[in-house]
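Engineer: I am attaching a structure below and will ask some questions about it afterwards.
The values are calculated or read from the model by the stated rules, or taken from the named source; none is laboratory data. In this text, all values refer to a predicted model and were calculated from it rather than measured experimentally. A quick note on method: Cβ atoms are made from the backbone with ideal geometry, for glycine too, and the neighbour counts reach across all protein chains shown.
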């Protein structure tokens, strides 16, 4: 059984989120909760940070999300969000 994960967003994601419309924020929250409910989703590719951490990079419709699992504390760490389609 997978424990209940929660999602955590970086400051940059929070700033991006603040600039979104209500509809976009609702859509992003659904995605974030979906990642927390199904944390072992694999991205379309993996990206390494300068420190060597592997980030999952996954598209959700018009959004590109970069995240990693922090299993010891049961969190999905969302580090970046990009809008793919204007």
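Engineer: Evaluate region 41-56: report whether one residue or more is at pLDDT 95 or above, closer than 17 Å to residue 17 by Cβ and part of a strand (DSSP E or B).
Structural biologist: no
Engineer: A follow-up question, please. Restricting to region 57-86, what's the tally of residues that are exposed (fewer than 11 other Cβ atoms within 10 Å of the Cβ) and assigned to a helix (DSSP H, G or I)?
Structural biologist: Of region 57-86, the ones exposed (fewer than 11 other Cβ atoms within 10 Å of the Cβ) are 61, 72-73, 84-86.
Now narrow it down to the ones that are assigned to a helix (DSSP H, G or I): 72-73.
Qualifying residue count, region 57-86: 2.
Engineer: What about residue 34, is it surrounded by 12 or more Cβ atoms within 10 Å (Cβ to Cβ) and without any contact (Cβ under 8 Å) to a residue 40 or more places away in the chain? Give the steps one after another, and end with the answer.
Structural biologist: Numbers: surrounded by 12 or more Cβ atoms within 10 Å (Cβ to Cβ): yes; without any contact (Cβ under 8 Å) to a residue 40 or more places away in the chain: yes.
It is true that residue 34 is surrounded by 12 or more Cβ atoms within 10 Å (Cβ to Cβ) and without any contact (Cβ under 8 Å) to a residue 40 or more places away in the chain.
Engineer: Within region 9-28, take every residue that is part of a helix (DSSP H, G or I) and in contact with a strand residue (DSSP E or B) (Cβ under 9 Å, 6 or more places away or on another chain) and give me the one that is surrounded by the fewest Cβ atoms within 10 Å (Cβ to Cβ).
Structural biologist: The initial filter retains those residues of region 9-28 that are part of a helix (DSSP H, G or I), namely 11-18, 22-28.
Okay, now just the ones that are also in contact with a strand residue (DSSP E or B) (Cβ under 9 Å, 6 or more places away or on another chain), so 12-13, 16-17, 24, 27-28.
On the way: 12: 12, 13: 21, 16: 17, 17: 16, 24: 16, 27: 16, 28: 21.
Taking the candidates together, the pick is 12.
Engineer: Condition (residue is under 13 Å from the mean Cα position of the chain (by Cα), more than 23 Å from residue 4 (Cβ to Cβ) and at pLDDT 95 or above) applied to region 65-76: is it met by at least one residue?
Structural biologist: At the first step, the residues of region 65-76 found to be under 13 Å from the mean Cα position of the chain (by Cα) are 65-70, 75-76.
Now drop any that are not more than 23 Å from residue 4 (Cβ to Cβ), which leaves none.
Checked against the condition, which is being under 13 Å from the mean Cα position of the chain (by Cα), more than 23 Å from residue 4 (Cβ to Cβ) and at pLDDT 95 or above, region 65-76 yields no hits at all.
Engineer: Exactly one condition in (1) over 11 Å from the mean Cα position of the chain (by Cα); (2) farther than 15 Å from residue 80 by Cα; (3) in a helix (DSSP H, G or I) is false for residue 33; which is it?
Structural biologist: For residue 33, the failing item is (1).
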